[in-house]
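Trainee: There's a structure below that I have some questions on.
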Amino acid sequence: MEKRLVKIGEAAKLLGCSIDALRRWEATGELLPARKTKGGTRYYDTAHLLGLGDVDAPTICYARVSSHDQKADLDRQQEMLETYCAAKGWRAEVIRDLGSGMNDRKKGLQRLLEMILRRQMRRLVITHKDRLLRFGSELVFALCEMQGIEIVIIHKGEQPSFEEDLAQDVLEIITVFSARLYGSRSKKHRKLLQDLQASADVIAEDLGLHNAHRKQD
């Protein structure tokens, strides 16, 4: 049967990864195009792409922080995930998200769920369980198990107390509402925002996260 070849852009869509990821995998010899022209145009065999076995399927890492103030932590998460996978010899790609763990509509999370449902990955690697969602991570894990996708949590560690977990949830709720009120010209909304930030300061200070939640002016 004649092979159906597609260019790198369509191949990336079929695998649910980026074009840069395909180029990296070619450079390391992990996934080579079926044909490459003298001009450098790459063509991939769709039958091979769609039939990738567990051995060839990529490892997907997911990193998330709640706010722009935590971008340094997001970079640290990515570095840790990449280092961990490299040590294991896994071909990996990192999906990054910026947003509350209570928001299930984040772009990166939606892409991750699509890859899970299409079984376009071999395993999911995260630094901590709550990096996925504050509520609902167990559902994502259940989908992975149904699809035969391995789940790796680097730091399982000691679970936070009920009070600490509750405080984190309340802090995230305050952060979400503060973001919605930020910039409002209404005196009522500005007063509410000040009250929310004052409450968040108290919670953050108790958790050792003072000012980490605040939106920068």
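Trainee: Please tell me which of these pairs span more than 24 angstrom C-alpha to C-alpha: Lys71/Lys156; Lys71/Lys106; Lys13/Lys36; Lys7/Lys38; Lys38/Lys88; Lys13/Lys88?
Mentor: Lys38/Lys88; Lys13/Lys88
Trainee: Find how much the distance from Lys129 to Arg76 grows on full extension, using 0.36 nm per residue of separation minus their present alpha carbon separation; answer in nm with one decimal.
Mentor: 17.5 nm
Trainee: Please label the shape of segment 1-141 as rounded, prolate or oblate, based on the square roots a ≥ b ≥ c of the eigenvalues of the alpha-carbon gyration tensor (a/c under 1.5 means rounded; beyond that, a/b larger than b/c means prolate, else oblate).
Mentor: Prolate, because a/c is 1.5 or more and a/b exceeds b/c.
All of the numbers you see were taken from the coordinates with simple rules; none came from a lab. Model, not experiment: these values are computed from the prediction.
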